[in-house]
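Working notes, structure below.
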């Protein structure tokens, strides 16, 4: 049974009184009058209405600062949300019969199965469902959505452990030592930007925004300080000797800004030039089937590999997890330990070097 608020009931009462004063009133007429006169008696969102809402929501959220954080959505987050909007639109356009489909648990199953049939990975689907839930929560808060199926455990955000790579210090040194003098300047800029990321732990969006004023000295130690775009938190990072070498090479200047797509493309070529051809395996679930794929390591290198390499190498070098997390931004140690790529043997060797085992 549907429960109406006091205001809704009063509106219905007023319309009922108005209609009851007329002769020969039918149920259909009453229903029509209620629909026309009760603008806030909301029906569950259908797919087309959801698409319209998402477009408005992204536009508003990208322009208006969040009330809690005081910051607008980052350009990366906006792109991420627009990807989900595109997928919902694509589903809508390939399923003409969905024009009046209500957004409920049944829609979730159909949308999920459609993405799975298109051979998307479990983690990719999980990201789209996560964003979809965000949109539905926003619609629910605005009283544009009545059903609460999106709160159900069955409306699941799927995920599987990331199988991404990291580069060891020796592998990073190989990249540093490559002679790129016969390549255009973009290669050297990409190499330097990647190495800065690999020894600061900064995201691409953060090391791209670095300027000379971000370089400071504290008690004789050179540091980088920057307010990260994703969280807004300010981090202070000691400058590693390899980063310092880049600054010296560039007469104290930072590499020019390079688009992330360019970094992802050229860093693979640079990795191949550095002979990073060790075979690595990637296990991924696509289309409901678990696949085991093998690649030469350089083909798996991307901009984010730098950040993952920093966290993993810093951990293996014996830095406290809490100290690394202060730079990486991970909220819990458990999430941090899932992020870094270490084997049980590497962990055991790290522990074995601790003073506790060497008293």
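Miscellaneous remarks
- In this structure, residue 82 does satisfy being under 22 Å from residue 137 (Cα atoms), at pLDDT 70 or above and surrounded by 11 or more Cβ atoms within 10 Å (Cβ to Cβ).
- Selection within segment 222-237 - in contact with a strand residue (DSSP E or B) (Cβ under 6 Å, 6 or more places away or on another chain) and more than 24 Å from residue 76 (Cβ to Cβ): 223
- Residue that is at pLDDT 95 or above, more than 27 Å from the chain's Cα centre (by Cα) and outside the structural domain of residue 126 (by TED's automatic domain parsing), where the choices are 175, 216: 175
- Leading residue by the ranking (nearest to the chain's Cα centre (by Cα)) among those in segment 178-191 that are in a helix (DSSP H, G or I) and within 30 Å of residue 293 (Cα to Cα): 190
- Scanning segment 305-338 for residues that are surrounded by fewer than 18 Cβ atoms within 10 Å (Cβ to Cβ) and in contact (Cβ under 8 Å) with a residue 60 or more places away in the chain, we see that the one that is nearest to the chain's Cα centre (by Cα) is 329.
Yes or no, residue by residue, for (1) within 24 Å of residue 337 (Cα to Cα); (2) out of contact with any helix residue (DSSP H, G or I) (no Cβ under 7 Å at 6 or more places or on another chain); (3) outside the structural domain of residue 178 (by TED's automatic domain parsing); (4) not in a strand (DSSP E or B):
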| residue | (1), (2), (3), (4) |
| --- | --- |
| 263 | no, no, no, yes |
| 267 | no, no, no, yes |
| 271 | no, no, no, yes |
| 277 | no, no, no, yes |
| 280 | yes, no, no, no |
| 285 | yes, no, no, no |
| 294 | no, yes, no, no |
| 299 | no, no, no, yes |
| 305 | yes, yes, no, yes |
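- Qualifying residue in segment 250-265 (condition: over 25 Å from the mean Cα position of the chain (by Cα), over 18 Å from residue 164 (Cα atoms) and free of Cβ contacts under 8 Å to residues at least 12 places away in the same chain): yes
The values are calculated or read from the model by the stated rules, or taken from the named source; none is laboratory data. Please read these numbers as outputs of a predicted model, since none were measured by experiment. Glycine gets a Cβ as well: all are built from the backbone with ideal geometry, and neighbour counts include every protein chain shown.
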